[in-house]
Amino acid sequence: MARDLDLIAIPWTDSVCCAEQLVSAIVEACSGHQPTAGRFDGEKWHSVDMSKPASHPHGRLVWTILLQGGAFIDLGVMPTKFKDVSATASAAPKKHDWSMGPPDVPGANRPMQS
């Protein structure tokens, strides 16, 4: 490994541990550590506590685990449950009409060409 290893943890069963337990287990298994480090933004240094996750798209939380020799693991953990923020959270989700193209893509509301 030259510099880093990007890992994604995705809940696969109904019974999973919390993200913090997973991070702790991986830190222990690889003899890693999560110190407070510095980050330079072009103007000044900022302190970064690597034991706290960074938020990423789709609810993914990312921890950085430092390894011996300067390499590190970026561990992304997906949330265990989908959080419905719509006004109709109790309603059954609508199925997407794939004949109209993929969802959330510009121009998707047009019929597919045969």
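Do we find a residue being assigned to a strand (DSSP E or B) and under 26 Å from residue 81 (Cβ atoms) anywhere in segment 39-48? No, segment 39-48 has no match at all. Identify the residue in segment 1-16 that is farther than 14 Å from residue 64 by Cβ and exposed (fewer than 10 other Cβ atoms within 10 Å of the Cβ) and, among all such residues, is modelled with the lowest pLDDT. In this case the residue turns out to be 1.
Filtered by the rule that a residue be closer than 15 Å to residue 76 by Cα and modelled with pLDDT of 85 or more, segment 17-51 gives 17, 18, 19, 20, 21, 22, 23, 24, 25, 26, 27.
The values are calculated or read from the model by the stated rules, or taken from the named source; none is laboratory data. Model, not experiment: these values are computed from the prediction. Because the Cβ atoms are built from the backbone with ideal geometry, glycine has one as well, and the counts that use them run over all protein chains shown.
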